[in-house]
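Inspection log for the structure reproduced underneath, given as structure tokens.
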Amino acid sequence: MSQHDRTHHAKIATGKGDPQCFKGTAGGPPKFKVGDRVRIKDLPDIFYTRCQVYTRGAIGEVAVVTHESPAPEDEAWGHVDHSEWFYIIRFKQKDLWPEYPDNFANDTLQTEFSERWLEAV
Amino acid sequence: MVEEISDFEALEIAVRELAIEKGLFTAEDHRRFTEFAEHIGPTPAARMVAKAWLDPAYKQQCLTDAIAASKAVGVDWLNPTGFGTPSDYTDLRVLEDTPTVHHVVVCTLCSCYPRPILGFQPEWYRTPNYRRRLVRWPRQVLAEFGLSLPAEVEIRVEDSNQKCRFIVMPVRPAGTEGWNEDQLTEIVTRDCLIGVALPKPGVTSNIEMPMHHAKNPAHH
């Protein structure tokens, strides 16, 4: 019977933090930089994702390059060998919700994605 | 009457009992952590904001390395209990309001919240009602909290859906000129740090409750 070490995560993250414990594991520099315009891909997901449906297909701008980490869609299954860069993307509310009131056109929303969800526009 | 428990409560009990049986922690550890976690309040985060209002260099540290800055207000983000129980790990970031940008935080997925520095979430923060409506109708939801901002102010919703946790650093309100750190800390309430309220002189997080004397007091 295989033994799964249930304290694995605590061992790597205690004292460092998570995502901090995955620093340097994405295998290269981030593909996007602050200010880049990106579209959120509408990828299939099975059982678990943190890419909210309301953002899919929308275009936004990179506000912060945050950290490296395995993507939650992998981590949910215990797959932590491959990391990606993460980005906080800023959207105009109007671009997320067509019915958003015109008189509040300045309003924005920010949320975070791993690199696999982003494509340059 | 039978006390009903939810599926999640049953799951929590099952996982906790298994963890205790496996020796990952003891029942005593669990009780201590529960007591610790339920005692954390928003005061450290309020003090962080007050210090930042008074000290530009500290403010800069809050914005660039909030985990280091939290140590100055007595929070060790990476080892918050001081007795070995890890935090949620995660990263901490401070969202700086300006006269033209106001931040408000939500987690549409569940209820992600910077607990080591802000304590437990208020009940409403966990509700699907707040979570699904704030991203789509932020002005209406803020108005329900009594906060109406002019159209010139950009409302920036932060959906905390990954490994960053956020607190809002509001703009220092007028009428607080010459105040010291303790005075400023008192007006930065929990709701100001989530972004559903703005700090106001005279509105504090430690309001004294009126004492109502019993009409038929018990005599000892």
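The values are calculated or read from the model by the stated rules, or taken from the named source; none is laboratory data. No experiment lies behind these values; they were computed from the predicted model shown. Because the Cβ atoms are built from the backbone with ideal geometry, glycine has one as well, and the counts that use them run over all protein chains shown.
Condition check ((1) surrounded by 15 or more Cβ atoms within 10 Å (Cβ to Cβ); (2) more than 10 Å from chain A (Cβ to nearest Cβ); (3) among the basic types (K, R)) across all residues:
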site	(1), (2), (3)
B:H103	yes, no, no
B:I117	yes, yes, no
B:E123	no, yes, no
B:N129	no, yes, no
B:R133	yes, yes, yes
B:A143	no, yes, no
B:L147	yes, yes, no
B:E152	no, no, no
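Would you please name the residue that is surrounded by the most Cβ atoms within 10 Å (Cβ to Cβ), looking only at residues in segment A:63-121 that are facing chain B (nearest Cβ under 8 Å) and of a type in the set (D, E)?
For segment A:63-121, the residue satisfying everything is A:D107.
Across segment B:13-38, which residue is surrounded by the fewest Cβ atoms within 10 Å (Cβ to Cβ) among those that are in a helix (DSSP H, G or I) and touching a residue at least 40 places away in the same chain (Cβ under 8 Å)?
B:E38
Looking at (1) surrounded by fewer than 18 Cβ atoms within 10 Å (Cβ to Cβ); (2) modelled with pLDDT of 95 or more; (3) within 13 Å of another protein chain (Cβ to nearest Cβ), which is the only condition A:P29 fails?
Evaluating A:P29 over (1) surrounded by fewer than 18 Cβ atoms within 10 Å (Cβ to Cβ); (2) modelled with pLDDT of 95 or more; (3) within 13 Å of another protein chain (Cβ to nearest Cβ) leaves (3) as the failure.
Within the set of pairs 6+ apart or on separate chains, which have a first residue in segment A:10-24 that is over 12 Å from B:L78 (Cβ atoms), a second that is aromatic (F, W, Y) and at pLDDT 80 or above, and C-beta atoms under 8 Å apart?
The qualifying pairs are A:P19/A:F86.
Of these, B:Q140, B:Q162, which one is in contact with a strand residue (DSSP E or B) (Cβ under 8 Å, 6 or more places away or on another chain) and of a type in the set (S, T, N, Q)?
Details: B:Q140 fails: in contact with a strand residue (DSSP E or B) (Cβ under 8 Å, 6 or more places away or on another chain).
So the residue among B:Q140, B:Q162 that is in contact with a strand residue (DSSP E or B) (Cβ under 8 Å, 6 or more places away or on another chain) and of a type in the set (S, T, N, Q) is B:Q162.
Does segment B:50-61 contain at least one residue that is modelled with pLDDT under 95, in contact with a helix residue (DSSP H, G or I) (Cβ under 6 Å, 6 or more places away or on another chain) and surrounded by 11 or more Cβ atoms within 10 Å (Cβ to Cβ)?
The answer is no, given that none of the residues of segment B:50-61 is modelled with pLDDT under 95, in contact with a helix residue (DSSP H, G or I) (Cβ under 6 Å, 6 or more places away or on another chain) and surrounded by 11 or more Cβ atoms within 10 Å (Cβ to Cβ).
Output the residues belonging to segment A:62-100 that are among the polar types (S, T, N, Q) and over 17 Å from A:G17 (Cβ atoms). Please lay out each step first, then the result.
Residues of segment A:62-100 among the polar types (S, T, N, Q): A:66, A:69, A:83, A:93.
Residue satisfying the conditions is A:Q93 alone.
Taking B:I117, is it under 21 Å from B:V75 (Cα atoms), in contact (Cβ under 8 Å) with a residue 12 or more places away in the chain and over 12 Å from the mean Cα position of the chain (by Cα)?
On the way: under 21 Å from B:V75 (Cα atoms): yes; in contact (Cβ under 8 Å) with a residue 12 or more places away in the chain: yes; over 12 Å from the mean Cα position of the chain (by Cα): no.
In short, no.
Would you check which residues across segment A:50-62 are under 17 Å from B:R132 (Cα atoms) and surrounded by 19 or more Cβ atoms within 10 Å (Cβ to Cβ) and list them? It would help to see each step written out before you state the result.
Our first condition is that a residue be under 17 Å from B:R132 (Cα atoms); within segment A:50-62, this holds for A:50-56.
A:R50, A:C51, A:T55 - these are the residues of segment A:50-62 that are under 17 Å from B:R132 (Cα atoms) and surrounded by 19 or more Cβ atoms within 10 Å (Cβ to Cβ).
Tell me, yes or no, whether segment B:187-204 has at least one residue that is within 12 Å of chain A (Cβ to nearest Cβ), buried (at least 21 other Cβ atoms within 10 Å of the Cβ) and at negative phi.
Scanning segment B:187-204, I find no residue that is within 12 Å of chain A (Cβ to nearest Cβ), buried (at least 21 other Cβ atoms within 10 Å of the Cβ) and at negative phi, so the answer is no.
As an exercise: evaluate B:T108 against (1) within 13 Å of another protein chain (Cβ to nearest Cβ); (2) at pLDDT below 95 and give the number of the one condition it does not meet.
Checking B:T108 against (1) within 13 Å of another protein chain (Cβ to nearest Cβ); (2) at pLDDT below 95, the one that fails is (2).
In this structure, is A:D36 closer than 30 Å to B:D65 by Cα and away from chain B (no Cβ under 12 Å)?
In short, yes.
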